[in-house]
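What follows is a single structure, written as structure tokens, with notes after it.
Quick note: the coordinates plus some simple rules give every number you see, no bench work behind them. Since we're looking at a predicted model, the values are computed, not measured. When we count neighbours, we look across all protein chains shown, and the Cβ atoms used for this are built from the backbone with ideal geometry, even at glycine.
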Amino acid sequence: MRGRSLISRRHAVLGAFCLCCAPGLSRSADESNSVKTTEIARGIHVRRGADEVASAQNKDAIANIGFIVGRDSVAVLDSGGSLHDGERLRRSIRNLTDLPIRYVLMSHVHPDHIFGAGAFLQDKPAFVAHAQLPQALAQRGEYYRERLEEVLGRGNAGPIVQPTMLVSDRTQIELGGRSLELRAHAVAHTSNDLSVVDSQTGTLFPSDLLFVGRTPSLDGSLKGWLRELSMLGSIHAKQAVPGHGPVRVNFASAASKLQQYLETLLRETRQAIANGVDIGAAPEIVGQSERKNWTLFDEYHGHNVTQAFKELEWE
Amino acid sequence: MGMMRRYFLIAACGLGGIVCTHVASADDEADARSERWAELQRAIFPGRTISEGAGVIQLDAPPRALDAALVPFTITLPSDKQIKSVVLVIDNNPGPLAGRFTFGAAADPRSLQVRMRVNSYTNVHAVAEDSAGKLYAVQKFVKASGGCSAPAGSNDEESTRNLGQMKLKLVSEFAPGEPVQAQLMIRHPNFNGMQMDQLTRLYTPAHFIRTIDITYDDQPVLRIESDISLSTDPVIAFGFKPSTQGKLRVEVTDSKEQSFVREFAVPAAAVSSTL
């Protein structure tokens, strides 16, 4: 009896996946070899990630990824969530330009942003990352790769690519006629967040320091994230490309919603700790007013509360 | 364990878009679990009879863990049976005997909470022993995975730096002579030796808490014998019976033979006390 119920649940879950991938059936063969990008500003092409968790159907193409074309070369940021995702992004680039791909940025350690990097090894670019990324990759890279292969199938995740150029504070890279300003952040969304500003168009790429619509995932420091978010606001970028959500947003208004989520998490977790609520019960109490504002809330929010609790209970 | 176990892995883990869920499709999964528990009973309680524990001991755990490296378990002893110790067994963990909790004269054993690592979908058993030496067990199924081999979190560095730091909080109203609930927090990375550094291909050496002895004015409250399943920075909620003024003393020893001792004046210093 137990076996039967497990099997029926498995069918139910698979059924849900089929619903998510249904729109994919209408794609033409050509389009499926490359990603659909939007040119959000001159020379900046962004692919919107699906607001889903990683699945065999979506190939972990769930983060916003893209590329910037300069006069002399191309920079990729980010490379995608799987080798397949990265290969499709590379074809999109090659459909547009033959300029060399000189830089592949790795905004942070999470698999949906970096497992496409393997598709660009042939271009011999500089793989650019926060100085803390190698350490995080050493601790988690293989673990993430194994988990991803469980979802995508053996051999489908892609290799772990080590960064070759590290940023510990700020630096610039040149694409010819346009320079990108890179900034390594203090512990926030993760311990290794790298953001980018394209000076020519005033476009900020905060990566996962900015979530829009999709429930943020906290894997660094809640207090640190609030600090870095407010620092990014002081840049006054004309527009921003969040790590998840629409391909182009006004930073200030998008950030205010994230700030509200993080501040609610901070305030209500502190309150729960002060009231003697235990860590197991806190996720049901903390931040429930935010549920209506975010997708995939049940998948991520409880984990965020647990992380916040761990950080704040020692205050 | 010749039984075939087939796992159907659906979607993966918490961060960066991977959410861990796996469903065992084999019919013999339930059989394998009870066989595993029978094996563990023989190993941990050789020659002993274990009775059904409903009404004697209650075990609460989230059915699906939000963080497999930190799964809260609450043990409640609702009856007035004299329970002298509780053993927590996480059947499918690499070290299944997760903890042995022995109550002393100054204890209020009615409620105990601990945080554990859970490595895979597993039954968890809490086994109470009463003063007559009879054993009672209850069981919970917990869905969590990767808690033991999960790589270091961002807190681990801090835990190592502040090794042995402790905090004690009273989480219920203090009244002299009446039982009070306390929460003890200990900074310790509790490396279990299963986290691999992929760069060096070396495992972070095991370094974990072996025992925690809590006394109140020299009267034993609680002794915890733990193993590699205890979470990083363990937090333990327990009850004891204070008098008007007294001292709660905590002594922690770990697998490197290090020992950490802290004393908290109760109620005065209990709210927040550090090194």
For residues of A:109-119, the mean tally of beta carbons on other chains within 10 Å: 2
Per-residue mean of C-beta atoms belonging to partner chains within 10 Å, peptide B:65-74: 5
Gain on full stretching of the segment that runs from B:Q258 to B:A105 - 0.36 nm per residue minus C-alpha separation: 52.4 nm
For peptides B:32-43, B:70-81, A:299-310, sequence by mean Cβ density within 10 Å, most packed first: A:299-310, B:70-81, B:32-43
Amide H partners (placed H, <5 Å) of A:A126, local residues excluded: A:Y103, A:V104
Size of the stretch A:211-315 as Cα extents on the principal axes (Å, biggest first): 44, 26, 19
In sequence order, calculated HN-Hα J values of the stretch A:161-170 (Karplus, 6.51, -1.76, 1.60; Hz; x Gly/Pro): 9, 7, x, 10, 9, 10, 10, 10, 9, 9
Integer Hz, Karplus 6.51/-1.76/1.60 couplings in order for the stretch A:282-294, x for Gly and Pro: 4, x, 7, 9, 6, x, 5, 5, 8, 3, 5, 8, 9
Sites B:K81 and B:A206, calculated FRET efficiency, Cβ-Cβ separation with R0 30 Å, nearest 0.05: 0.25
√(5λ) per eigenvalue of the Cα gyration tensor, the stretch B:32-96, largest first, Å: 21, 19, 10
For the stretch B:178-187, Karplus couplings with θ = phi - 60° (6.51, -1.76, 1.60), whole Hz, Gly/Pro x: 9, x, 10, 8, 10, 10, 10, 10, 10, 7
Estimated FRET transfer efficiency (A:R91, A:T171; beta-carbon r; R0 25 Å; 0.05): 0.30
Amide H within-cut-off set for A:G49, under 5 Å, with H built and near neighbours excluded: A:N64, A:I65, A:G245
FRET efficiency estimate (nearest 0.05) - Cβ-Cβ, A:S230 to B:V171, R0 35 angstrom: 0.55
Protection proxy ranking of A:184-195, A:217-228 - average other beta-carbon atoms within 10 Å, highest first: A:184-195, A:217-228
Dipole moment magnitude, nearest 20 debye, chain A about Cα centre, only Lys, Arg, Asp, Glu C-beta charged: 620
Radius of gyration and Dmax over the Cα atoms of the stretch B:53-149, both given in Å: 13.1, 39
Approximate spin-label separation A:R270-B:K140, in nm, with each point projected 7 Å along Cα-to-Cβ: 3.0
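Over all directions, the average projected area of the alpha-carbon convex hull for the protein assembly as shown comes to how many nm²?
Projected over every direction and averaged, the Cα hull of the protein assembly as shown covers 27.6 nm².
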Extreme residue, positive dipole direction of chain A, given options A:L262, A:S34, A:G118 (C-beta unit charges): A:S34
Cα centroid separation - the stretch B:51-122 against the stretch A:255-293, whole Å: 27
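Want the number for A:S199 to A:R154: 0.36 nm per residue separation, take away the alpha-carbon distance, what's left?
12.1 nm
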Listed peptides B:228-235, B:45-52, B:203-210, B:59-66 by packing density, highest first (mean Cβ within 10 Å): B:228-235, B:59-66, B:203-210, B:45-52
Kirkwood hydrodynamic radius of chain A, Cα pairs, Å: 20.1
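To the nearest 20 debye, what charge dipole does the stretch A:75-186 have about its Cα centre, counting +1 at the Cβ of each Lys and Arg and -1 at the Cβ of each Asp and Glu?
On the way: 13 positive and 13 negative charges, 36 e Å.
Computed charge dipole of the stretch A:75-186: roughly 180 debye.
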